[in-house]
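Here the structure comes first, spelled out in structure tokens, and everything after it is commentary.
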Amino acid sequence: MNQYSPTTKPYSTEDADRAFKDRPLISIRRRIIFSYLSLFLFVCLMGAILFFFISVFEEKQIFLENTTNISFELQKARRYEKNFFLHGTNLSDALNQISTVYSLVLVSKQELVSFIGRDDFSIMLESLEKYDELLNQLLRSVPHTGGAYKDLMTRLEPQIRKYRIRIQSTVNAAIEKERSGIHNLISSTKIGIFVFLGFFLVLTTYLINMLTQHIIMPINRLIEDMRRIAEGDFSPIAPRKKYRDEFTILVMAMNRMTEEIHVRQEQLVQTRKMAAIGNLTAGIAHELNNPLNNISLITESLLDDSEDYGREECDKMLNSIFEQVERASSTVKNLLDFTRKDQPSFSSLSISEIISSTLSLLGNEIELNDIIVELKVDKNLPPTYGNHRDLQQVFLNLIMNAIHAMPDGGTLIIKAELDQNKSLKINIVDSGTGIPAENLHQIFEPFFTTKEVGKGTGLGLSVSYGIVKNHQGEIDVFSQIGNGTTFSVTLPTSIEPKH
Amino acid sequence: MKKQYEIMVLDDEEIVCENLEKYFKKKDFIVEAFTESQKALDRLKEKKFDVVITDLKMAGPDGIDVLVYLKSQDTDTQVIIITGYADMESRLAAEYKNAFSYLLKPFKMDELERLVMKAAKKSR
């Protein structure tokens, strides 16, 4: 096929359109009509050839009948002739037969001439005339002569016989020749039918191949292209053939559609991004404005009424200010952690050790909230490669979330196992309230929180997401209202990540 | 004798409650401060205030819930919303639900006091 090198591959839909339109039009409709016509013409040709063969056969058949007739009549004449020579009877009958033969020979004159040649025909005709003449001579002398007649008979008999045999052998030769001609015709017709079938097979194979190439192959290519587009490669489909057909129109329409989808997708991503940024900005504002407001209120109070406060009260208020500064700066630090690009140090880590150390950090919280922990962690799991502090933070966030989802107590299942891809899979399952479907898609976005002020910054899950991604892992969430939530973290086993 | 205005302060930040209570008491208001919105709502059912100063984002019922509750009652209590959450949506919600004013944190005390005075006069 006509593959185009990548350097000439058009990159915009307009370029692709232009490239398509530049190609000469050979429509599939035309191809189908051409295929049908060529098959039709081929069959017509074969029909004509067969018709010709049958006509020849028919002609030969008629000729064979005529010559057989001649031979038959000649036989009769011979019988009468014999009767005459033996018993002196039937001479006039023999003459009648001769004239019948003569007229039959004249009827088939053309065929006979073309078949046995003009010379042989003249000889035959001459023999016939001679035969007739000799018999007539006998007939004329019958009533008058006595002994002389006997002489005449004896003299003429061999001559008469000679002419008759000559005629007979010519006719028989013609019959024999024609019979073998018919036989040859039938065998060559048989062969012809097989040859015809052979050609027919070749032609249909060619046509089917051509149609397949121009219908099935483009469909297969379209399937390939659709797959590519579905995977997110929105570059237009480039021409692969040197001509245009119905598929070109389809591909051009698809290119337009792909472009539309691409534009819409970009818009959607942009909208999501803007929403995330909006959330982020409002979140930062909230997390910073509250401590700033507290600082402002305390400072104002200190400035306005400094004389009312003793040393101790002043210290307390200043400490409060300091705490609020810490609070604001920790928000900023969290934010920086979330966007941090620098690489923390990685080492080989035991996931069960990380989980148990995280649980011990949260022991108090778990007890206070009446949480029963079910730990299903295989001690023999292979190690993972990562940063201890970061992974601990991930599990801290996830377990904290699980605890907060069960304000009236519940069961927390922590399960670690190898999945079918030989990756570590850690499920944190709570029996809590569940996450509404409308929130599920944004829970990993920064500053998205459903918790009350001071309890959650909305950064926990987004920070966790960043850390897990940085470990070449995946984090997923499954939740149903009333049926609890499962956070699933997948981490590679002890493979040095690419950086 | 001039009647004292009665105001409620509701914010889950304790420092806000403390400072506002102190400030307005000094300015001769009768002040009740709450850090939990449910308790504040319960109190609003028992007692009529002239002005309620409330934070927007809180655990349980939030500032908008308090606003909606008050507007559903046959009372002219005015609501001032103070918030650090600077998104347009909540601001529009507050205005749509007839808050007296919407004040962004951090704010100046005299700014808030001016708003409270205006709101209190409107409530009488």
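Structure notes:
- Residue within the stretch A:354-369 that is in the same structural domain as A:Phe487 (by TED's automatic domain parsing), in contact with a Leu (Cβ under 7 Å, 6 or more places away or on another chain), modelled with pLDDT of 80 or more and assigned to a helix (DSSP H, G or I) present: yes
- If you go through the stretch B:95-124 and keep only what is part of a helix (DSSP H, G or I), away from chain A (no Cβ under 14 Å) and of a type in the set (A, V, I, L, M, F, W, C), you end up with B:Leu115, B:Val116, B:Met117, B:Ala119, B:Ala120.
- Top-ranked residue of the stretch A:111-123 - restricted to ones that are modelled with pLDDT of 85 or more and within 17 Å of A:Thr68 (Cα to Cα), ranked as surrounded by the most Cβ atoms within 10 Å (Cβ to Cβ): A:Phe121
- Count - residues of the stretch B:77-88 that are modelled with pLDDT under 90 and outside any helix (DSSP H, G or I): 5
- A:Leu250 meets the conditions (1) surrounded by 13 or more Cβ atoms within 10 Å (Cβ to Cβ); (2) of a type outside the set (Lys, Arg); (3) closer than 30 Å to A:Leu50 by Cβ in every case but one. The failed one is (3).
- In the set A:Thr411, A:Thr449, only one residue is modelled with pLDDT of 90 or more, of a type in the set (Ser, Thr, Tyr) and out of contact with any His (no Cβ under 7 Å at 6 or more places or on another chain); that residue is A:Thr411.
- Yes/no for A:Glu14 being modelled with pLDDT of 90 or more and part of a helix (DSSP H, G or I): no
Conditions tested, residue by residue: (1) of a type outside the set (A, V, I, L, M, F, W, C); (2) free of Cβ contacts under 8 Å to residues at least 24 places away in the same chain.
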site	(1), (2)
A:Ile355	no, no
A:Gly363	yes, yes
A:Tyr385	yes, no
A:Gln392	yes, no
A:Lys415	yes, no
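- Residue within the stretch B:53-63 that is on the phi > 0 side of the Ramachandran plot and either free of Cβ contacts under 8 Å to residues at least 40 places away in the same chain or buried (at least 20 other Cβ atoms within 10 Å of the Cβ) (or both) present: yes
- Candidates A:Tyr149, A:Tyr163 - the one that is in a helix (DSSP H, G or I), within 19 Å of A:Leu95 (Cβ to Cβ), touching a Lys or Arg at 6+ places or on another chain (Cβ under 9 Å) and not acidic (Asp, Glu): A:Tyr163
- Test result for B:Asp76, of a type in the set (D, E, K, R) and either over 14 Å from B:Ala119 (Cβ atoms) or in contact with an Asp or Glu (Cβ under 7 Å, 6 or more places away or on another chain) (or both): no
- Selection status of A:Ala148, at pLDDT 90 or above and surrounded by fewer than 13 Cβ atoms within 10 Å (Cβ to Cβ): no
- Residues satisfying the stated conditions in the stretch A:166-176, i.e. more than 11 Å from A:Thr67 (Cα to Cα) and surrounded by 14 or more Cβ atoms within 10 Å (Cβ to Cβ): A:Arg166, A:Ile167
Matching residues to (1) assigned by TED's automatic domain parsing to the domain that holds A:Ser330; (2) surrounded by 20 or more Cβ atoms within 10 Å (Cβ to Cβ); (3) at pLDDT 85 or above:
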position: A:Asp419; (1), (2), (3): no, no, yes
position: A:Glu438; (1), (2), (3): no, no, no
position: A:His441; (1), (2), (3): no, no, no
position: A:Gly460; (1), (2), (3): no, yes, no
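- Check on A:Glu81, of a type in the set (Asp, Glu) and at pLDDT 90 or above: no
- Qualifying residue in the stretch A:261-274 (condition: more than 10 Å from every other protein chain (Cβ to nearest Cβ) and in contact with a helix residue (DSSP H, G or I) (Cβ under 8 Å, 6 or more places away or on another chain)): yes
- Candidates A:Phe115, A:Phe72, A:Phe121, A:Phe34, filtered to the one that is in the same structural domain as A:Ile160 (by TED's automatic domain parsing), free of Cβ contacts under 8 Å to residues at least 12 places away in the same chain, of a type in the set (A, V, I, L, M, F, W, C) and farther than 30 Å from A:Thr248 by Cβ: A:Phe72
- Selection count, the stretch A:285-317, where residues are facing chain B (nearest Cβ under 9 Å) and either of a type in the set (Ser, Thr, Tyr) or within 60 Å of the chain's Cα centre (by Cα) (or both): 6
- Which listed residue, of A:Ile182, A:Ile215, A:Ile193, A:Ile237, is out of contact with any Lys or Arg (no Cβ under 9 Å at 6 or more places or on another chain) and either among the β-branched types (Val, Ile, Thr) or crowded, with 16+ Cβ neighbours inside 10 Å (or both): A:Ile193
The values are calculated or read from the model by the stated rules, or taken from the named source; none is laboratory data. As the structure is a computational prediction, the values presented were derived from the model and not from experiment. Here Cβ is always computed from backbone atoms with ideal geometry, including for glycine, and neighbour counts include all displayed protein chains.
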